[in-house]
2 protein chains.
Amino acid sequence: MSIVVMKFGGSSLATADKIRAAAARAIAAHKKGKQVVMVVSAMGDSTDHLVDLANQVSKDPPKRELDQLLATGEQVSISLMAMALENMGVNAISFTAAQIGMLTDDVHTKARIKSINVKRINEQLDQGRIVVVAGFQGVTSDGAITTLGRGGSNVTLVAIAAALGAECENFTDVDGIFTSDPRIVPNARKINSISYEEMLELASLGANVLHNRAVEFAKKYNVAIHVRNSNNNRKGTMIVAESQDMERIVVSGAALKDKLAGVTLRGVSNRPGIAAEIFHTLAKAKVVIDDIVQTIADDRTANISFTVDLGELNDAKKVVEGLSKKIGCQVVYEDHLAKVSIVGVGMRVHTGVAERMFSALAEAKINIHKITTSEIKISCFIDREKGKEALRLVHDAFNLGGKKSAGK
Amino acid sequence: MSIVVMKFGGSSLATADKIRAAAARAIAAHKKGKQVVMVVSAMGDSTDHLVDLANQVSKDPPKRELDQLLATGEQVSISLMAMALENMGVNAISFTAAQIGMLTDDVHTKARIKSINVKRINEQLDQGRIVVVAGFQGVTSDGAITTLGRGGSNVTLVAIAAALGAECENFTDVDGIFTSDPRIVPNARKINSISYEEMLELASLGANVLHNRAVEFAKKYNVAIHVRNSNNNRKGTMIVAESQDMERIVVSGAALKDKLAGVTLRGVSNRPGIAAEIFHTLAKAKVVIDDIVQTIADDRTANISFTVDLGELNDAKKVVEGLSKKIGCQVVYEDHLAKVSIVGVGMRVHTGVAERMFSALAEAKINIHKITTSEIKISCFIDREKGKEALRLVHDAFNLGGKKSAGK
């Protein structure tokens, strides 16, 4: 009998009605003859409420205790979901991570899964029950409760699907992964299938559906994730291993990251270890870096440029002022940047992709401040006020929009 | 090093400030050189909130899932308490029942403790930590979470104190156990020490501080419970094994149970099994009986009388109408009763106790409808409107009040 693991996020569980709707979806699959495991997050904004409680008693709560606290959010969801399922006439049982032996390391608040014992899940499935598992949490060999960090419930989903050899459905409040943000690009089109690698690039560029850790996990265990809408029955987006077929599509999606700031250190003495020194100092000050570009200025000096979220610029400035005095260089700040990017495994085998992107921007007289590329991604930094226009132009340049596109 | 187990109920943990106040109390004991274990309930009315959530998804939630849900309330408290303690500079660690192996049977929502493994608690105490344990919950050998039913947190308190051979402090919002309800009897006096048996009788008569299961547990393992006020440092009431000294005090306390109704079956054919039949039928209909009195009416018939909470009278009537037709007897209902009682181990060795109580009531022209007694208790049923007056009279008749009393 085939098994499906369905994950529902907090917004799909925010009220009793939504819990019942998610239960109904699981029951529908169960009635079609599937064995069903549900992975659930904490209800709505209940995690925020717990964090708020913690902050009321401690500014810097011990991480073990924070995990002990936060894990209650999912425990509430699993028990309510099991109650709803039983109330709707299907036998169900809920499990915390500890109860199914979802073993992790002991790095509290961002633990990594070490092993899962699916024996208890299988026993319950074989008795005809729907099994409801708490996402986001784990347990150490010592019995301490851990949490898996951002995107943790999706990691639980993929880990359980991998361990059970099951189908994997991730229910959200959108229809799937889109070629671009539909709020900015009206003709953005739902992608039918996308490779893990493309998904990883898009997520890091701001596509907010699935956290990279879950995608990496899925890639590692080759689990196909079906991202779909909990409010309808439409097919969503399959996140799968790259296929030859995919290379026919040059570009899968385009993304915009807004509110960026650039810092350029000019005329840095180009000796070994200088970049390491700069970014070590920034990391120590907990400044999160977006992109880094280094170019040669002349024989002995380089320009080193990096981007940060606009909100981090002041923190970065403090570090850079000291650095520039120490290593002797000029600094230029740009507080008005946006980054438009295209992603696609096809660009590895197609030529002229970068040129087509740059031309689209040039025709609209949009100036490019910086460029960075990876094997399957090209990013251009431009003035923020041109960001949305640039995204639409690039999206059109690669025929990503609905109807115009060949589809994928 | 001596160990103290301190229990804080939900009202002592309702806000962050109250959690810090409870933490401060534990730290004070810790600084005096004691090893400290805290047993905590769910915050304020959070359990009600969880029950409300359950009722939104199911009218009759499976008990295993209800336990899985309710246990989160105490888990929130333990983690917040540990955070508060750490924030105030003392090392602390929280444990759920599962994490310390508080094994129970699998009777969900009213599980009984089978064993406790205090190894983990002792390890942590020996490392100088304050250990915070979730009250009210347990775990089956199968890993399912159970709850201990009403008064469950106090059962946890006593069980852990017994297992550790520790002192046992139960913090509430009153100064201890009183000779009577101070809201009705203004000169009611705090009792310094009271026997388990007296406490059991008083609790069943309406004294609301400690549930009988905890007292029975304490009696079984001979754990002295110190009931005291979390808002001050006064000595409270010690609940202890009976001592010879106690017998010098004739009566320890007086209690009033209000809003009772009486049902009398008159002229019941007095054959073996008739009482069993009557009360089996009532039990099947889930009518909770307070007291039962049977007297002989004539050679062949008896009068069987019982008391119920006024709110149960309609349910009782439905059962009794059918019964009276079946067994052929008259029925009299009284919907205006109250019960005033005195409790004391001393009455076993002193004479004239009942007479003194009856005289006190007679002098005030209060008519006694029914009388029941146990070895250490005498109860009189009277008109409800006379209830409070009767309680004050009886309290005075045995010199229970402050100053007038010799103390105990």
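Quick note: the coordinates plus some simple rules give every number you see, no bench work behind them. None of these values were measured; they are calculated from a predicted model. Counting neighbours? That spans all protein chains shown, and the Cβs are built from the backbone with ideal geometry, glycine included.
Annotations
- Expected-Rg normalisation [2.2 N^0.38 Å, Cα atoms] applied to the protein assembly as shown: 1.26
- At most 13 other Cβ within 10 Å, DSSP loop - trypsin sites (Lys or Arg not before Pro), segment A:42-119: A:Lys59
- Of the GluC sites (Glu not before Pro) in segment A:337-408, the ones in a loop by DSSP (not H, G, I, E or B) with at most 10 other beta carbons within 10 Å are A:Glu375.
- Projected label distance in nm at B:Asp258 and B:Thr281, using a 7 Å step from Cα toward the beta-carbon: 3.3
- Surrounding net charge for A:Asn87, when Lys and Arg each add one and Asp and Glu each subtract one, Cβ distance under 11 Å: -1
- Using the Cβ-Cβ distance between A:Asp106 and A:Val332 with R0 = 25 Å, the FRET efficiency computed as 1/(1 + (r/R0)^6) comes to roughly 0.05.
- Linear extension gain, A:Ala14 paired with A:Lys365, 0.36 nm per residue minus alpha-carbon span: 121.8 nm
- Lysine pairs meeting the criterion (Cα under 15 Å, 8 or more apart or interchain), as found in segment B:253-397: 22
- What the Cα atoms of chain B give is an Rg and a Dmax of 23.7, 77 Å.
- Where labels lie 7 Å past Cα in the beta-carbon direction, separation of B:Asp315 and A:Ser115 in nm: 5.1
- FRET efficiency estimate (nearest 0.05) - Cβ-Cβ, A:Ala297 to A:Ala241, R0 35 angstrom: 0.25
- By the count of other C-beta atoms within 10 Å, a proxy for reagent exposure, B:Ile184, B:Ile78 are ordered fewest to most as B:Ile184, B:Ile78.
- Size descriptors for segment B:253-397 (Cα atoms only): Rg and Dmax, in that order, 16.2, 47 Å.
- For segment A:175-194 versus segment A:140-156, the gap between their alpha-carbon centres in whole angstrom: 31
- Amide H contacts of A:Asn170 (H built 1.01 Å from N, in plane; Pro and chain starts excluded): A:Lys7, A:His226, A:Val227, A:Arg228 sit under 5 Å, all sequence-distant by 5 or more or on other chains.
- With label points defined 7 Å past Cα in the direction of Cβ, position B:Asp105 shows copy-to-copy spacings of 4.5 nm, given to one decimal and shortest first.
- Label spacing, shortest first and in nm, from A:Ile296 to its equivalents in the remaining copies (7 angstrom along Cα→Cβ): 12.1
- Pairwise FRET efficiency - B:Glu389 versus B:Arg271, Cβ, R0 = 56 Å, nearest 0.05: 0.85
- For the rotation carrying A onto B, the chain A residue whose Cβ lies nearest the axis, with the distance in whole Å, reads A:Thr72, 2.
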